[in-house]
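Q: What follows is a structure written as structure tokens; I'll ask about it next.
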Amino acid sequence: MSAAAEWQHWPQSWYVVARADAVPAGRVISGHLGGHAWVLYRGQDGVLRASDAFCPHMGAHLRTATVAGDTLVCALHACHIHPQTSPPPKPEHAGCHLSARAWPCAEQFGLIWLHPPADKTAPLPFADAADSAHWLNGGPQTIAADWRAMICNGFDLAHMRAVHQREVVGKPVFERLPEGGLRMTYTTRVLAKGGWSSWLMKRLSGGHIHLVHTCIGSSILVHSRVGKMQTLGLFALLPQDAPGTAPETRRTLAFAAVGLPRGTRGYRIKLYLVRALYLAFLRKDFVVVEGMRLQLAHIDDPGVQAVADYQGCLKAMEPPP
Ligand code: FES
Ligand SMILES: [Fe+2]
């Protein structure tokens, strides 16, 4: 069996679960990763914390909890819940204090990243890019598609002509990253008849666009060089369905962020233009991947093969109890 056949619906990795501005201090959000329920909140100290979703006292779902200082207060019996991996700290408040298993979470690109608890948590993806650029985020948008089909699309060289009116020039170069991940470096030429965005890209680029796509888990970072202008696009996919859901009925929540290198003059205005260009590009993909029944058995596109092989090596998340 090829590695691609092992591509998991829910690999063990970081996932973007929300925009950072959707979680102000005192807000609690909840969801699941691979069927494992979580809650996440921002304490009054501004720090994000996440834990298992069920109260360690009697099991109430903590989505109805309130935030007090850096803890959650369960709505059922008002115990203070401290998400952590070590014993609870000395209580600051009288009453019941319990610890809940913490989940690693972080804020990057204006997005909130969450990792299921594991013996070993991988480093947060794309940290260098996050520090090197000004960012503007977008989304989320629900797409009626399997996230695996969307990742394939991000590396599918053969679809560039039909969907994006671009032609791949020369041979792409593939590289596995030591920290985990796949990088594809290639060049495209903008063809005629791609609508306003292709017309503009052609004017800006003089015809050629140099691209580097890096896939880590369910996210892709695209670095593109168009003439003298360098841009970054981050696309993070959050599967929406329980493990085992049929691929053609899966849905995916897509988050995006675009970046310009630090020091770019007039970056605020330019970021809006870059976001419009990336979203115009992506809308063409969303239309064709919706409802797709992904099959990779006879696909010889080198980009799709490489990303499917990389994904096939990722460990599945433990099944929920
Ligand atoms: S169930 Fe949460 S405090 Fe009792
Ligand atoms: Fe595409």
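Q: Among all residue pairs at least 6 apart or on different chains, which show Cβ distances below 7 Å where the first residue, located in region 156-175, is under 19 Å from Gly207 (Cβ atoms) and the second is within 16 Å of ligand 1 (Cβ to nearest atom)?
A: Note: no pairs meet the criteria.
Q: Same structure again: Give, as residue ranges, the strands (runs of 3 or more DSSP E) completely inside region 34-78 that count at least 3 residues that are surrounded by fewer than 16 Cβ atoms within 10 Å (Cβ to Cβ) and away from ligand 2 (no atom under 16 Å from the Cβ).
A: Details: elements: 36-42, 48-52, 66-68, 71-73.
Counting at least 3 such residues, we get no strands (runs of 3 or more DSSP E) at all.
Q: Okay, moving on. How many residues are modelled with pLDDT under 95 and either surrounded by 16 or more Cβ atoms within 10 Å (Cβ to Cβ) or within 16 Å of ligand 1 (Cβ to nearest atom) (or both) when one looks only at region 130-139?
A: Residues meeting the conditions: 4.
Q: In addition: Could you check region 181-196 and list, in sequence order, the residues that are assigned to a loop (DSSP other than H, G, I, E, B) and touching a residue at least 60 places away in the same chain (Cβ under 8 Å)?
A: Pass one, region 181-196, residues assigned to a loop (DSSP other than H, G, I, E, B): 181, 191-194.
Selection gives Gly181 alone.
Q: Taking Pro89, is it more than 30 Å from Gln295 (Cβ to Cβ), at pLDDT below 95, outside any strand (DSSP E or B) and more than 16 Å from ligand 2 (Cβ to nearest atom)? It would help to see each step written out before you state the result.
A: Working: more than 30 Å from Gln295 (Cβ to Cβ): yes; at pLDDT below 95: yes; outside any strand (DSSP E or B): yes; more than 16 Å from ligand 2 (Cβ to nearest atom): yes.
Criteria met by Pro89.
Q: Would it be correct to say that Gly138 is outside any loop (DSSP other than H, G, I, E, B), within 14 Å of the chain's Cα centre (by Cα) and in the same structural domain as Arg250 (by TED's automatic domain parsing)?
A: Details: outside any loop (DSSP other than H, G, I, E, B): yes; within 14 Å of the chain's Cα centre (by Cα): yes; in the same structural domain as Arg250 (by TED's automatic domain parsing): yes.
Criteria met by Gly138.
Q: Being free of Cβ contacts under 8 Å to residues at least 24 places away in the same chain and part of a helix (DSSP H, G or I) is the filter; apply it to region 114-129 and report the residue that is surrounded by the fewest Cβ atoms within 10 Å (Cβ to Cβ).
A: My answer is Asp128.
Q: Across region 259-304, what is the total count of residues that are touching a residue at least 24 places away in the same chain (Cβ under 8 Å), aliphatic (A, V, I, L, M) and under 18 Å from Ile143 (Cβ atoms)?
A: Number satisfying all stated conditions: 7.
Q: Which of the residues that make up region 21-80 are among the hydrophobic types (A, V, I, L, M, F, W, C), within 9 Å of ligand 1 (Cβ to nearest atom) and touching a residue at least 12 places away in the same chain (Cβ under 8 Å)?
A: Filtering region 21-80 down to residues among the hydrophobic types (A, V, I, L, M, F, W, C) leaves 22-23, 25, 28-29, 33, 37-40, 47-48, 50, 53-55, 58, 60, 62, 65, 67-68, 72-76, 78-79.
In the following step, the residues that additionally are within 9 Å of ligand 1 (Cβ to nearest atom) were identified as 54-55, 58, 60, 62, 65, 73-76, 78-79.
Phe54, Cys55, Met58, Ala60, Leu62, Ala65, Cys74, Ala75, Leu76, Ala78, Cys79 - these are the residues of region 21-80 that are among the hydrophobic types (A, V, I, L, M, F, W, C), within 9 Å of ligand 1 (Cβ to nearest atom) and touching a residue at least 12 places away in the same chain (Cβ under 8 Å).
Q: Look at region 274-295 and say how many of its residues are among the aliphatic types (A, V, I, L, M) and loosely packed, with under 15 Cβ neighbours inside 10 Å. Before the answer, list the steps.
A: Step one: list which residues in region 274-295 are among the aliphatic types (A, V, I, L, M), which gives 274, 276-277, 279-280, 282, 287-289, 292, 294.
Still in the running and loosely packed, with under 15 Cβ neighbours inside 10 Å: 287-288.
Total meeting the criteria: 2.
Q: Out of Ala256, Ala236, Ala242, Ala297, which single residue is part of a loop (DSSP other than H, G, I, E, B), closer than 30 Å to Gly35 by Cα and within 19 Å of the chain's Cα centre (by Cα)? Write out each step before concluding.
A: Details: Ala256 fails: part of a loop (DSSP other than H, G, I, E, B); Ala236 fails: part of a loop (DSSP other than H, G, I, E, B); Ala297 fails: within 19 Å of the chain's Cα centre (by Cα).
Result of the check over Ala256, Ala236, Ala242, Ala297: Ala242.
The values are calculated or read from the model by the stated rules, or taken from the named source; none is laboratory data. All values derive from a computational prediction rather than experimental measurement. All Cβ positions, even for glycine, are placed from backbone atoms using ideal geometry, and neighbour counts span all protein chains on display.
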